[in-house]
Each structure stands twice: as structure tokens, then as C-alpha cells.
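One structure is given below, encoded as C-alpha cells.
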Amino acid sequence: MDFKTKLDKAISKSSSLLCVGLDPDPQKLKKSESQFQFNKIIIEATAAFVCAYKPNIGFYEAVGLTGLEDLKNTIFFLKKNYPLIPVILDAKRADIGNTTLSLAEAIFDFYQADAVTANPYMGFDSLEPFLKRRDRGVIVLCHTSNPSSADFQELSVNGQPLYIKVAQKVVQWNKKYKNLLMVVGATNPTQIKRIRRVAGDMTFLVPGIGVQSGNLEKICQNGLLKNGRGLVISASRSIIYAQDPAMEAQNLKNEINKYRQG
Ligand code: OMP
């Protein structure tokens, strides 16, 4: 089953557009608790309320080899116990072609992620080895949520902001490969409206809800499709460090669903 079909089915089954980011900061874990043990508790508490999980590789790389093992164990735990929930490995990768080929092997074969986040700065050939893995999703950064995202993404290129040029390219590539999505940060409610006009019914991964203070209502108003889909809304810290991660995930799922019903 390809990534988009798996995601679509997971959205139907969970009635949720919520993705939980598995970003265990080593500083915040209890003594002797591994990142895998931390994730397992979060996954068991939140699995009923999510359509996807998104571990960010940076938190695991920070720990060294045991971190990478914990990342692999987390994804394998999900595959074994929650095989219908897709896993997005947030790595924001892309490089010259033969290097991306190796990245694709690491992300899709070694870690067995269903999708990867990818950086479009180096252009088409840097993404092609990911795109050729047609059963996996490639989620290209279009407009990110961070404070300095405008430094490059809002630069005018022939009268249009660069992020719109990126969105146009992603739409074009998706016509051929059919496995693309894009990242639009939740702190960009006006930009998401413009991107939606360019992107038709493509799905956006939307991080930046919670600690980064993205505006959920505006994002939903401006980004959701008429069928109540088209967005996967991701939160990490506000859920994984909550007193009650299950309740936090359920509340966020319900809040998103309020907007889906218009
Ligand atoms: P919280 O702010 O704790 O919810 O975490 C957000 C997660 O989404 C982190 O793993 C970020 O790396 C990731 N992210 C963004 O915050 N902003 C973006 O524009 C893109 C991403 C991403 O690609 O997921």
C-alpha cells in the first residue's frame, strides 16, 4: 500500500488529522529512561487519536548510536503493533543524486519509514531518488514555521514569493510521481491560503501548533479541503510533555474536527 493510501485510511479509521511528533529531548527524559521507552508510553496513550507519527531524527542523532537504535526500535514497534498508522521520518534531507540514493536507503529501508520530509533547495535531481520510491511519501518544505522562514522563502522571484515557486514545482512533480506532499507551518495562515490555490487538493503537513503558537482555526479555515481533509496537523512538545498526553491528543483531535465540520 502506498503512503497516501495508508494515510487516507488512517485518517478514516481514527477520524483524525492529528499527527504526533515523537521528539524526545534527552534532557527531558527521566534518568535511565530510553527514548524508545518514552516513545512507547506516548504511542500507547495516543494511538487511538492520530493518523500518523513523526519522529524527528535530530533528537535521536543527538544521543549517538543508542539514539539511532531507539529510533529504529520506535518505528519497528509501530510497524508491529500499529501497522495501519504511517510513520513520517522528519529528516529534511536531500543532496546530490547519489547521496540522496543512500539517504533513501537509510530512511526507507533501514528505518522503514513510510515518508520523509525533504528540503527542495538543491532542486529536482536532489529529490529524485526519494520520488522514485513511489510507495513512500516525500513531504517537501514549502513554507516553514520558524521565525526566520521569510529570509529566503518570501523572497520575490519574478514577482512571486519563492515559496509559491516551490509549491508550483511540487505540484508539477506530483503529476508524475504522485507521492508528494508539502510542509506548510501553522504560523503561516495567510500563506497557506495562497499555497492552497496553487496546490489543488494536495495534502499539507502542518507543524507549529502548540509551543510554536500556530493558529489552528485560521490554518483550518484557509487550508482544509471541502471534504474536511488535505491537512495533517502535527504537534510534538505540547503533547509528549503534557501531564496527560492521551487527553491532550484527544482534545486536539476534537478541536481540529470541529473545524472540519465547518
Ligand atoms: P513542536 O513545536 O514541539 O510541536 O515540534 C514541531 C516539530 O515539527 C519539530 O520536529 C520540527 O522540526 C518540525 N517542523 C517544524 O516545527 N516546522 C516546520 O516548518 C517543519 C517541521 C517539520 O518538517 O515537521
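Between the beta carbons of Asp151 and Asn98, assuming R0 = 25 Å, the FRET efficiency works out to 0.25 to the nearest 0.05. Given in Å, the Rg to one decimal and the Dmax to the nearest whole number for the Cα atoms of the stretch 43-177 are 16.1, 50.
The 3J(HN,Hα) values that the Karplus relation (6.51, -1.76, 1.60; θ = phi - 60°) gives for the stretch 192-209 are, in residue order, 5, 5, 5, 5, 4, 4, 7, 8, x, 9, 5, 8, 10, 8, 10, x, x, 8 Hz. Gly and Pro appear as x.
Over the chain, with every protein chain in place, what whole percent of the accessible area is carbon and sulfur at 1.4 Å, could you tell me? Carbon and sulfur: 51 percent of the exposed surface of the chain. One chain, two ends: Gln243 and Lys9. Fully extended at 0.36 nm per residue, the span grows by 81.3 nm beyond their Cα-Cα distance. Among Met247, Met182, Met202, the largest mean-square fluctuation in a Gaussian network model of the chain (Cα springs under 10 Å) belongs to Met247. Dimensions of the stretch 182-235 from C-alpha coordinates, computed as largest minus smallest value along each principal axis and given longest first, are 29, 18, 18 Å.
Calculate, in nm to one decimal, what Glu255 and Lys80 gain on full extension: separation in residues at 0.36 nm each, minus their alpha carbon distance.
Separation in residues times 0.36 nm, less the Cα-Cα distance, equals 60.1 nm.
Computed with a 1.4 Å probe over protein heavy atoms only, the accessible surface of the chain comes to 47 Å² per residue. Mean sequence separation of contacting Cα pairs (under 8 Å, at least six apart), scaled by the length of the chain, corresponds to a relative contact order of 20 percent. Restricting the calculation to Cα atoms, the stretch 3-261 shows an Rg/Rh of 0.94 when the hydrodynamic-style radius is the Kirkwood one. Ordered from largest to smallest accessible area (heavy atoms of protein chains, 1.4 Å probe), the residues Leu131, Leu65, Leu101, Leu225 come out as Leu65, Leu101, Leu225, Leu131.
Could you tell me which of the pairs Lys54/Lys80; Lys40/Lys72; Lys92/Lys169; Lys175/Lys226; Lys193/Lys258; Lys30/Lys92 are separated by over 23 angstrom between their Cα atoms in the structure shown? Write out the running numbers ahead of the final one.
On the way: Lys54/Lys80 16 Å; Lys40/Lys72 12 Å; Lys92/Lys169 17 Å; Lys175/Lys226 21 Å; Lys193/Lys258 19 Å; Lys30/Lys92 28 Å.
Flagged as over cut-off: Lys30/Lys92.
Take the alpha carbon gyration tensor of the stretch 109-262, find the square roots of its eigenvalues, order them as a ≥ b ≥ c, and report rounded if a/c is under 1.5; if not, report prolate when a/b exceeds b/c, else oblate. Prolate shape, in that a/c is at least 1.5 and a/b is the bigger ratio.
For the chain, modelled as a GNM whose springs connect Cα atoms under 10 angstrom apart, the maximal fluctuation among Asn215, Asn39, Asn227 occurs at Asn227.
Rounded to 0.05, the FRET efficiency of the Asp2 and Lys31 pair, given R0 = 41 Å and the Cβ-Cβ distance, is 0.45.
The values are calculated or read from the model by the stated rules, or taken from the named source; none is laboratory data. All values reported here derive from a predicted model rather than from experimental measurement. Neighbour counts run over all protein chains shown; Cβ positions are idealised from the backbone, glycine included. Side chains included, ligands, DNA and RNA excluded: accessible areas come from the protein's heavy atoms. Shrake-Rupley method; radii C 1.70, N 1.55, O 1.52, S 1.80 Å.
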